[in-house]
Amino acid sequence: MDDVRGRPGCPKRMVFGPCGGVRVDERCEVAEHRCVFVDEPAPAWQGPPSPPVPPRPDSLLAAAAAARARPVVLTDLTVPPFDRAGLRRVVEVLAPVSDGLLAGEHANRPDLPPTVVAAEVLDAGGRPWTTLACRDRNRVVLEQELAGLAAVGVDGVLCVTGDARGPGVRPGVTQVFDLDGPRLAALAAAAGLPVAVPESPVAPPVSLRPARVADKQRAGAQLCVLNHVRTPAQVAAFVAAARDAGATLPFVAAVAVYTDERSARVLQRFPGLQMDDATVERVLAAPDPRSAGIAAAVAEARALLAVPGVVGVNLSGLASDGGELAGARVKAEVAAGIGRTA
Ligand code: SF4
């Protein structure tokens, strides 16, 4: 847990790597060399197994555990940074149709501290899941945020290693990476918080990724949020492989929400994820791309919800070039389209 040196050669100083950003040719997300976990996998999780934290009543985790009477929806919060009023306007649109609102930690866009965002989401009527990344905070500050998130009463924490900071964003400022995602998951579980973890089914080394989910579960994860892939069949194969590797936790699968050129291309540029490019082009060429994008997202969500082991969907992406509120309204229409009503 306390090894802050990490694997030699890993710019994120991970011990339980690799991160989700390994490039398709197996080069590092951050440097030009080969990812140091491709040829020499990380050790299996070495900490003590974390006992599961009881989900909060009526939370996304509780809904996932119950017999599925309706789709479980985790919606990305795309909000203007350092703008509490803007955040509240988006929450008011999305909270009624979401079991959880996922606050991000963006590599290119600093924002208010996670605990402040979570408190604002709760106050506006939302159920926050807060992403916490290891990039910008040392272990002491991560512990502070975890204690703060527990105190304000978030439904859970998505524990990620984090993307490297975007080029030109706060140049010269150090990137911390005292911990990695699995070790942060253990820390969060020890703080009494329900923990979600990400995984990227199509990021190299693909064959190691299913066992990583089982390892993250041993570290304390109770939910796995999958990154975008091209087809639901890929999700089905990944979940089955993770089950074979020992993972028993529920999965939430990503749905790409876009209705115009910018919102589509932003998703396509992210490392470690794939999009159904033919569907993207069909949506962008449609006479009414907004309606076509919503229909495509609804279809993708329905197909993903039919995959065994997938308990819900994560409505993800910018959704619209027309601003955060316009994007929130698009996501709310997608949620309604799959039967998640207020
Ligand atoms: S791709 Fe990620 S895990 Fe691999 S060496 Fe680079 S930063 Fe480390």
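Excluding Arg137 itself, calculate the net charge of residues whose Cβ lies under 11 Å from the Cβ of Arg137, where each Lys or Arg counts +1 and each Asp or Glu counts -1. With Lys, Arg at +1 and Asp, Glu at -1, the neighbours total -3. Considering only alpha-carbon pairs that sit under 8 angstrom and 6 or more positions apart, the relative contact order computed for the chain is 20 percent. Here the dipole of segment 189-342 is about 340 debye; that uses its Cα centre as origin and unit charges on the Cβ of Lys and Arg (positive) and Asp and Glu (negative). Count Lys and Arg as plus one, Asp and Glu as minus one, and take only other residues whose Cβ is under 10 Å from that of Ala319; the net charge is then -2. Accessible area per residue for segment 60-337, computed on protein heavy atoms with a 1.4 Å probe, is 36 Å².
Taken over the alpha carbons of segment 60-337 as equal point scatterers, the Debye sum produces base-10 log I(q)/I(0) values at 0.16 Å⁻¹ of -1.34.
With a Förster radius of 30 Å, plug the Cβ-Cβ distance of Ala233 and Asp321 into 1/(1 + (r/R0)^6) and report the FRET value to the nearest 0.05.
0.50
Would you work out which of Ser59, Ala296, Cys134 lies farthest towards the positive end of the dipole of the chain, given +1 charges on the beta-carbon of Lys and Arg and -1 on that of Asp and Glu, about the Cα centre? Ranked along the dipole, the leading option is Ser59.
In this structure Thr174 has an accessible area near 110 Å², from a 1.4 Å probe over the protein heavy atoms.
Take the Cα of Glu261, step 7 Å toward its Cβ, do the same at Val169, and the gap between the two points is 2.4 nm.
Extension gain Leu284-Val206, at 0.36 nm per residue separation less the Cα-Cα distance, in nm? Can you show the working numbers first?
On the way: separation 78, 0.36 × 78 = 28.08 nm, distance 3.01 nm.
Result: 25.1 nm gained on full extension.
May I ask you to order 183-189, 328-334 by the average number of other C-beta atoms within 10 Å around their residues, highest value first?
183-189, 328-334
Here the chain exposes an accessible surface that is 57 percent carbon and sulfur, computed with a 1.4 Å probe and the other protein chains kept in place.
In a Gaussian network model over the chain where Cα atoms closer than 10 Å are linked, find which of Val15, Val213, Val38 has the largest mean-square fluctuation. Among Val15, Val213, Val38, the largest mean-square fluctuation in the Gaussian network model of the chain belongs to Val38.
The values are calculated or read from the model by the stated rules, or taken from the named source; none is laboratory data. Everything numeric in this text was worked out from a predicted model, so none of it was measured. As a convention, Cβ positions derive from the backbone with ideal geometry for all residues, glycine included, and neighbour counts pool all protein chains shown. The protein model used for the area step is the full one, side chains on, heavy atoms only, and it has no ligands, DNA or RNA in it. Shrake-Rupley method; radii C 1.70, N 1.55, O 1.52, S 1.80 Å.
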